[in-house]
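The values are calculated or read from the model by the stated rules, or taken from the named source; none is laboratory data. It should be emphasised that the depicted structure is a prediction, and the values quoted were computed from it without experimental measurement. Cβ placement follows ideal geometry from the backbone for every residue including glycine, while neighbour counts extend to all protein chains displayed.
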């Protein structure tokens, strides 16, 4: 049990086929007590019930600092501690450069980057008191290669910002016993990509992936487990690619 007695908060984890939900299931199987945060309280609670007894869900808009703090306070009230945070919540928009309006930029940056900052700020005091903690930040291969399939340039910018923020947090928080690492998934088959890939698109993409397949949510969840557990006790400020070789650098 790699996460025995650990309280693990995962944002954006209510979607049935999402990376967050897969991570929540895996963390629970490894002994963690999982807290699912999502915009809709009912969906978050339902997702937690599906995972099993003892886990719970809360409503949280990660782009709202007050909401993040309220969620962290409630986790402490119910579970007494916060050991792991997975900053998974994110949105994407398939826009070209000249199509991006101020509202598009704000929406994508607020959830992906501001949300990572606000939720991290909310849990850090508890981790500092414990002198231990692990934060996993979800970036994207699009931040590294300059664009993706379903995300526009503003998405790439936000996810690149996540990498910079996570590295800066790792440097600042190491003396507190808090590790901060990032994951950069490639094209993963989730609810976001469902129905958007034609057979021709899929074949073309797979042809450029050395491992010969698209990723699934569990591929990313396994790396989140590694970074959340003591298996990665000497890793901080690291970036782990989960893309099947789509980008090798």
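Is it true that residue 14 is farther than 27 Å from residue 131 by Cβ, surrounded by 16 or more Cβ atoms within 10 Å (Cβ to Cβ) and within 15 Å of the chain's Cα centre (by Cα)? So residue 14 fits the description; yes. Residues of the range 126-142 that are touching a residue at least 24 places away in the same chain (Cβ under 8 Å) and more than 18 Å from residue 235 (Cβ to Cβ): 126, 128, 130, 140, 141. Considering each residue of the range 171-187 in turn, at least one proves to be free of Cβ contacts under 8 Å to residues at least 12 places away in the same chain and more than 24 Å from residue 22 (Cα to Cα). Taking the residues in the range 202-227 that are in a loop (DSSP other than H, G, I, E, B) and surrounded by 15 or more Cβ atoms within 10 Å (Cβ to Cβ) as candidates, determine which candidate is farthest from the chain's Cα centre (by Cα). So, considering only residues that are in a loop (DSSP other than H, G, I, E, B) and surrounded by 15 or more Cβ atoms within 10 Å (Cβ to Cβ), the one farthest from the chain's Cα centre (by Cα) is 209. Residue count for the range 31-60 satisfying the condition of being assigned to a loop (DSSP other than H, G, I, E, B) and more than 18 Å from the chain's Cα centre (by Cα): 5.
Of the residues making up the range 162-181, those that are touching a strand residue (DSSP E or B) at 6+ places or on another chain (Cβ under 8 Å) and within 16 Å of residue 118 (Cβ to Cβ) number 6. Suppose the filter is at pLDDT 95 or above, out of contact with any helix residue (DSSP H, G or I) (no Cβ under 9 Å at 6 or more places or on another chain), within 30 Å of residue 147 (Cα to Cα) and crowded, with 16+ Cβ neighbours inside 10 Å; does residue 39 pass it? Here the answer is yes, as residue 39 does meet what is asked.
Taken over the range 92-115, the residue count meeting the criterion of being touching a residue at least 24 places away in the same chain (Cβ under 8 Å) and either loosely packed, with under 15 Cβ neighbours inside 10 Å or under 30 Å from residue 228 (Cβ atoms) (or both) is 14.
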